[in-house]
């Protein structure tokens, strides 16, 4: 039997507990949806103010040079690189995740012109599926996107496969895939490997270098706390730079952007994957958010993340036995930083819980999803969240008629 | 002979003079580069703060519904629509100009499958040329991009032309094209017409409805003052909605984005052209900037713009006869809101002028470019700018050795 006092002691012993003070959180609310949208960090707030009041207001157009705006996508890329195990000069911050996937899929299909299949996972986020289909349709040759169950990957990997595109952490279940093993298999079959890190970056340690990953992309607004619709990031392993073409080229990716040349000639390195300038204000928010990750290691984050999700699972199973089906893997090796619970009336559960100040989210048709961001979620929060969940389930308030009609976003 | 007092009187008579108070401008500096990056407006500042401190910090993930984030691209589109003469439901704000051109060019080539040429202008901004080439290369059939001198348009317009893509105002010379006449010619030849409004929106009245324009796009950071790298906008005439396909589809353009369907099915109307979410913070800045345009008509802006550029040209020709070649058309009908002066040592001129507190910009190889934004540029500013230009030319300080090596951005 785990008591609230036990959780308080765990918080006292938590060496990264003080990072919570850097966030603006609502009094009395327990936020377990940082895997959908992270909260405001004070550094984001400060950095946005600095960009508007100093760089933009005073520097005006000069700030493209004097404030380094031209280099912001690559500077922030280098700042983010350690979070995914990339080397300097391999990461770029710009655009949105879907556009960056378009660039990588389009480019990769040019690299493997003798092959005509892209393999991806039926459980992938749907935007990934739409953009890979769209880029395959424009490859200039017949390319088939095979949307398989990822467990059937071994059978599907043959000589026809140009690219394997998978999301590292399943957005519904929170299952984390074996990045090293799958990448190795893809390479053994002669295919390129592209990972979507939307639910991984900032939540679990990643090692693109050690895993020999070719390409990756991820978003800035979930565990990185970069703000709603924050710019995304792109990883291109060094060996593919200067080889991989950007299928959506723009002037800022030109080797001489201010020479106004009629023909596109890509810049060196990651700059070639910049199309046009992302918003400096949007970048500023993500920039500030990344500061926090310089005060913590991904191993510290991982250790606390597993402790938080272990605690949540234990409490739910203890207090509400048989009420939910645990969808997230129990094994640490395949569990990321969220816990998904299946319940036929999951939508009502999430809504009722929200009214009691615990914010999780619902994923159709029956998944209650709870994200645990070690930077600001405390062990007592987990305890209190489960207490409130018990109240919701015991009172059956999740069956309230107000929850019969679903909101588009939950 | 125009005196400074004459200019002061013109300012006194200027009915939109008070709008200048809404901007943060540097004391003593004359900013004639709003055609490259507009300055900070107080409303942008306020709206960004509101989005961060209230919508993001307090509303968190709920703001996708409660603060209307889901609908921001179309809401801002409708707010911007009057500036280009579009109807409600025909404009969207998102992404960057290059990505939006990619969507329009890719979509348009699908609409005209029996034709295989895109016509564009050699004087076009280079990013436009790169993206049209890239999308043509991925059209799924051989498509040729003919980069012509726009004066040769009549000869080039034949039965092969699927799309004519032109920039309404030449970014170097400030020449404004005949939108109605050219669109009519394109249509008479059976081609679709796409206009780039980068240097038009907020600077000159536009009437896409009256001119029967098919597609248009423009940026948010020049005359609209939306901030560095602000989101861009897209216009799709109502008759093409539901017909034009988005070649870069994403989940937010799906008719049921939260049903996670495997197949892309476009939403109705402009929403189909949303790929994924733009930064809400970046949108907020543009949102605030657009408020100002609700306090002024485009006719008022146009009248003052022409008066400012008339004054500038007259003063330069009076005070510095024969020193510069006037590149911008003298005729009102073909002049937008900038004046371009040619000088062999133009780079040094712009740099020296900047040191004297007049900010213009340089466009390779020899163009000194001055933008006049009626919302905040005064007639005395024009007078004082020319006085300082006279000092720079008389003192020959533009020949200073410091200006021998060009900065990448000027």
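Values for this structure:
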item	result
Checking residue B:12 against (1) within 12 Å of chain A (Cβ to nearest Cβ); (2) at pLDDT 95 or above; (3) out of contact with any strand residue (DSSP E or B) (no Cβ under 9 Å at 6 or more places or on another chain), the condition it does not meet	(1)
Condition met for residue A:85 (out of contact with any strand residue (DSSP E or B) (no Cβ under 7 Å at 6 or more places or on another chain) and away from every other protein chain (no Cβ under 14 Å))	yes
Number of the condition not met by residue B:285 [criteria: (1) more than 9 Å from every other protein chain (Cβ to nearest Cβ); (2) in a helix (DSSP H, G or I)]	(1)
Residue A:326, sole failed condition from (1) buried (at least 19 other Cβ atoms within 10 Å of the Cβ); (2) closer than 17 Å to residue A:393 by Cβ	(1)
Single condition residue B:75 does not satisfy, out of (1) in a helix (DSSP H, G or I); (2) within 12 Å of another protein chain (Cβ to nearest Cβ); (3) surrounded by fewer than 24 Cβ atoms within 10 Å (Cβ to Cβ)	(2)
Residue match in the range B:364-378 (condition: out of contact with any strand residue (DSSP E or B) (no Cβ under 9 Å at 6 or more places or on another chain), modelled with pLDDT of 95 or more and more than 20 Å from residue B:27 (Cβ to Cβ))	yes
Conditions (1) part of a helix (DSSP H, G or I); (2) more than 10 Å from chain B (Cβ to nearest Cβ); (3) on the phi > 0 side of the Ramachandran plot: number failed by residue A:60	(2)
Residue ID - nearest to the other protein chains (Cβ to nearest Cβ), chosen from residues in the range B:41-57 that are in contact with a strand residue (DSSP E or B) (Cβ under 6 Å, 6 or more places away or on another chain) and buried (at least 24 other Cβ atoms within 10 Å of the Cβ)	B:56
Residue check for residue A:83: at pLDDT 95 or above and more than 22 Å from residue B:134 (Cβ to Cβ)	yes
One residue from A:267, A:216, A:230 being out of contact with any strand residue (DSSP E or B) (no Cβ under 7 Å at 6 or more places or on another chain) and modelled with pLDDT of 95 or more	A:230
Of all residues making up the range A:222-241, the number that are closer than 11 Å to residue A:80 by Cβ and facing chain B (nearest Cβ under 10 Å)	3
Positions within the range B:291-316 being more than 17 Å from residue B:332 (Cα to Cα) and in contact with a strand residue (DSSP E or B) (Cβ under 9 Å, 6 or more places away or on another chain), in sequence order	B:291, B:292, B:316
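The rows are residues; the columns are (1) over 27 Å from residue B:16 (Cβ atoms); (2) crowded, with 17+ Cβ neighbours inside 10 Å; (3) away from chain A (no Cβ under 14 Å).
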site: B:311; (1), (2), (3): no, yes, yes
site: B:344; (1), (2), (3): yes, no, yes
site: B:347; (1), (2), (3): yes, yes, no
site: B:400; (1), (2), (3): yes, no, yes
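The values are calculated or read from the model by the stated rules, or taken from the named source; none is laboratory data. What you are looking at is a predicted structure, and each value in this text was computed from that prediction instead of being measured. All Cβ positions, even for glycine, are placed from backbone atoms using ideal geometry, and neighbour counts span all protein chains on display.
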